[in-house]
Every structure is written in structure tokens, then in C-alpha cells.
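Before any comments, here is the structure.
Read-outs: derived from the displayed coordinates by stated rules, not from any lab. All values derive from a computational prediction rather than experimental measurement. Note that we place each Cβ from the backbone using ideal geometry, even for glycine, and neighbour counts take in every protein chain shown.
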Amino acid sequence: NAVLKGDKENIQGYVEEALKSGIKPSATVDDILIPAITEVGQMFDKGKYFLPQLIQSAEAMKLAFNYLEPKLSQEPSQTRKKATVILATVKGDIHDIGKNIVGLMLKNYGFNVIDLGKDVSAQAIIDKVKETDAQIVGLSALMTTTMVEMKEVINLAKMEKLNCKFMIGGAVVSEKYAVEIGADGYSEDAYSAVRLAERLSI
């Protein structure tokens, strides 16, 4: 309920209580937190929740997750981490609110997120892919003048024969544009970005 209500003040206390009652850290994430954030996403899809509620819930979830993270790593057979995702707002573009929300949501779902920030060059993105062996790259652009940079990044990845998948998002881009530039998918909001990342990392 704290996730559903975006109750940032009390969520950590509830997590502590859950752990004291004997619920394992991984079970707290898998059986309580992720179903809750999934429900938030469904409410958002149905138009019952809007962006402010989505952000509040994601931030509450983040607080819970940050508290649990050190405890998760102490559990044996820790196989929860999903694919590594690099996020970047492309060169020339300084809008990053959408990207930051996507990063938050992906982390909440167990992805290893590397956020390169905004106004990031194609070369810097590709260098980071090589360095980290990331499976997915998420590119964001909010201006028609900068969205062409997405194509530059994808072309450079092809030239370097990299095996990563690309997902794009931002107010000016679309599914059609994703196909046009050779991206592997487009997401219109943070929740669909998570679902897309899950599909791309199978």
C-alpha cells in the first residue's frame, strides 16, 4: 500500500517490519514491491493514475529498494539482477526528466542501470557499451533537432559490430521513427519502457 500511495515517509519502516517478521529481502522485493509497482503501472495504463502518482510510487519503491539492496547481496544464489541498461539523453539535448523516471523504474524492476546523463555524444555511449558489455541502450530526445543523434548512435554501434539492443523514447520520437533508424523498440512512457526492456533482454 505504501508503494501504491507513494508513501515515502513510512515505507522504510514497513520494510524493516517485514524483515523482522521473517520475510526474506528477495521475497520482499519479488512478492510485495514488484507486484505493487506493477499494479501502479496498470493503474497508469488505465488512466486511473497520472504521472505525479507514478513518480511518487516509483520514488517510494526506490527508497525501499535502496534499503534492501545491501541485504539482497548477502542472500545466497543472488540471481535477481537483470540485464545492464545504459541510458542517455543524446548529444545537444538537455532534457532528462523522462529518462530519469525510466531509470528509476528499471532499477525498481531489478535492471542494472548506468545513466550517462544528458547531452551525451554517440562515441561516449558506444565506449560505455564496450566497457560494460551492456545488453540494452535507452536513448532519449525531446527535440526534433536532436533526435537525429539517435541514428548516429545506432549507426556507430553497427559499424563497431556491437550486439546491444536499442530502445528510444521522448516526446518527438515514435514507433515509426524507431523502425526507420533501426532501433529495437520505442516506449511512450516509463512503464512501457520496463516492459520493452524485459522483452529485449530475454
Margin query: Take Glu39 and Asn155, extend 7 Å from each Cα along the Cα→Cβ direction, and tell me the distance between the two endpoints in nm.
Written below: 4.8 nm
Check: If the limit is 29 Å between Cα atoms, which of Lys62/Lys151; Lys46/Lys91; Lys20/Lys99; Lys24/Lys118; Lys82/Lys151 go over it?
Finding: Lys62/Lys151; Lys46/Lys91; Lys20/Lys99; Lys24/Lys118
Item checked: the range 98-202: C-alpha gyration tensor shape, a/c 1.5 cut-off, then a/b vs b/c -> rounded
Check: Using the Cα gyration tensor of the range 1-149, with a ≥ b ≥ c the square roots of its eigenvalues, what is the shape: rounded (a/c below 1.5), prolate (a/b larger than b/c) or oblate (neither)?
Finding: oblate
Next item on the list: Report, to the nearest 10°, how far helix 190-200 tilts away from the longest principal axis of the Cα atoms in the chain, using its own Cα long axis and a range of 0 to 90°.
Entry: 70 degrees
Checklist line | Backbone N under 19 Å from the Asp133 label point (7 Å along Cα→Cβ), restricted to the range 160-202 | finding: 160-166, 201-202
Checklist line | Computed label-point distance, nm, for sites Lys24 and Lys71 using a 7 Å Cα→Cβ extension | finding: 1.4 nm
Item checked: Longest segment of the chain lacking trypsin sites (Lys or Arg not before Pro) that sit in a DSSP loop with at most 14 other Cβ atoms within 10 Å -> 82-160
Check: What full-extension length gain, to one decimal in nm, is calculated for Glu175 and Asn112 as 0.36 nm per residue of separation minus the Cα-Cα distance?
Finding: 20.2 nm
Check: Given a Förster distance of 30 angstrom, what is the FRET efficiency for Leu4 paired with Glu188, based on the Cβ-Cβ distance and rounded to 0.05?
Finding: 0.85
Note to self: Between Lys48 and Val148, what's the calculated FRET efficiency when r is the beta-carbon distance and R0 is 41 Å? Round to 0.05.
What the structure shows: 0.65
Notebook entry, point to check: Helix 34-45 versus the longest principal axis of the chain: what angle, 0 to 90°, nearest 10, using Cα atoms?
Noted result: 60 degrees
